[in-house]
Amino acid sequence: MQNQAQHFHKTRIAPTPSGYLHLGNVLSFSLTAALAKKTDAKILLRIDDLDRERANKLYIHDIFDTLNFLAIPWHEGPLNMHDYESNWSQVHRMPIYEKALQHLKDNNAIFACTCSRTQMQSCTCRQKALPFDAANTCWRLITDNQAVAIKTLNNETIRASLPDAMHNFVVKKKDGYPAYQLASLIDDLHFGIDLVVRGEDLWPSTIAQHYLALLLDMPEFQKITFHHHALIMASADKKLSKSAGATSINYLRKQGKKQVDIYTAIAGL
């Protein structure tokens, strides 16, 4: 069980503006807010917008609308669309991400690759030693089976190795922007996060970020506590997605649902 005396400095809510927020997002945000209140932690709102092709202003507005509608608090981060664009977008932190990428390059921890995820089983890009500035290449981490230590909310430390799908994962995308694993890790350290609450589907990402932290010589990442919660499922084997419009808060509000209806629906699921 969770230690009742636990205290944290700061946690975060980190939506991606690639669709309208749905019931699963609200579950995660609500759990984050509840744990923050219980452990005296402040909440950072961080909008993960480095997928520039999918980031949409409608969905960014929806983040503010949904959090305010459901009275989910945050103490640091953008107050509105203008504040987000002017001060808080991840593009403002590009120099920090680029410094981390340069560290990996300088330490021969990455290779340039033209393969998609589905092509990785037959990938020979590392052997080809492609130039890092070649067209249509991403940067992939050179990985092995080294285990990492992950702190959990019940005061346990879990040791885990990268799952197969995370071997040689991308740290810089073909569009030149940092990949999620690198940006999320850097942001959590940059903002002083010491509690991360996320869905159990992101357990592989948690392992990948701990592994990356070792290669970046950032041992302080191991001090962060992680809690992975169960998901609201669309079916027995399919989680909710932002394309599932009928579960979006935007859709439910247009159907006349109130704050209490949303929370009742989540509790029922």
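The values are calculated or read from the model by the stated rules, or taken from the named source; none is laboratory data. Quick caveat: nothing in here was measured; it's all calculated off a predicted structure. Positions of Cβ are backbone-derived with ideal geometry, glycine not excepted, and every protein chain shown enters the neighbour counts. For accessibility, only protein heavy atoms count, side chains too; no ligands or nucleic acids. Shrake-Rupley method; radii C 1.70, N 1.55, O 1.52, S 1.80 Å.
Couplings 3J(HN,Hα) for region 18-31, derived from phi with the Karplus relation 6.51 cos²θ - 1.76 cosθ + 1.60 (θ = phi - 60°), are 10, x, 5, 5, 10, 4, x, 4, 5, 4, 4, 5, 5, 5 Hz, where x marks Gly and Pro.
Take every DSSP beta bridge with both residues inside the chain and express the antiparallel ones as a percent of the total, to the nearest 5.
Values: 14 of 26 bridges.
Percentage antiparallel, nearest 5: 55.
Using R₀ = 41 Å, calculate the FRET efficiency as 1/(1 + (r/R₀)^6) where r is the Cβ-Cβ separation of residue 86 and residue 121; round to 0.05.
Taking R0 as 41 Å, the efficiency between residue 86 and residue 121 is 0.40.
Legend: residues 156, 53, sorted from most to least accessible area (1.4 Å probe; ligands, DNA and RNA excluded), read 53, 156.
Each residue, residue 7 and residue 161, gets one label point 7 Å from its Cα in the Cβ direction; the gap between the two is 4.0 nm.
On full extension, the segment bounded by residue 105 and residue 145 gains 12.4 nm, given 0.36 nm per residue less the C-alpha separation. Applying 1/(1 + (r/R0)^6) with r as the Cβ-Cβ distance of residue 223 and residue 190 and R0 = 22 angstrom yields a FRET efficiency of 0.90.
One quarter of the convex hull surface built on the alpha carbon atoms of region 1-160 amounts to 12.5 nm², the projected area averaged over directions.
Amide H contacts of residue 13 (H built 1.01 Å from N, in plane; Pro and chain starts excluded): 44, 45, 46 sit under 5 Å, all sequence-distant by 5 or more or on other chains.
What the Cα atoms of region 4-59 give is an Rg and a Dmax of 13.4, 44 Å.
Its DSSP H runs of at least 4 residues, each contributing -39,500 (n - 2.57), put the calculated 222 nm mean residue ellipticity of the chain at -10000 deg cm²/dmol, to the nearest 500. Which number gives the lysine pairs in region 66-191 that have C-alpha atoms under 17 Å apart and are eight or more places apart or on different chains? So the count works out to 6.
Each 5 Å bin from zero holds the following percent of Cα-Cα pairs in region 137-269: 2, 9, 16, 17, 16, 14, 12, 8, 5, 1, 0. Computed with every protein chain present, the accessible area of residue 118 is close to 130 Å² [probe 1.4 Å]. I need the Debye-formula profile for region 95-144: one equal scatterer per C-alpha, no solvent, reported as log10 I(q)/I(0) at q = 0.14, 0.24, 0.30 1/Å, two decimals. Summing over Cα pairs of region 95-144 leads to -0.35, -0.95, -1.25.
How do 76, 98 stack up against each other in accessible area, from largest to smallest, with a 1.4 angstrom probe?
Working: 76 55, 98 100 Å².
Largest to smallest exposure gives the sequence 98, 76.
Rg and Dmax, both from the Cα atoms of the chain and both in Å, are 19.1, 58. Couplings 3J(HN,Hα) of region 170-182, computed from phi: 6, 10, 9, 7, 5, 7, x, 8, x, 7, 4, 4, 6 Hz, in residue order, whole Hz [Karplus 6.51 cos²θ - 1.76 cosθ + 1.60, θ = phi - 60°; x for Gly and Pro]. Among the protein heavy atoms, those of residue 120 account for about 40 Å² of accessible surface (1.4 Å probe, every chain in place).
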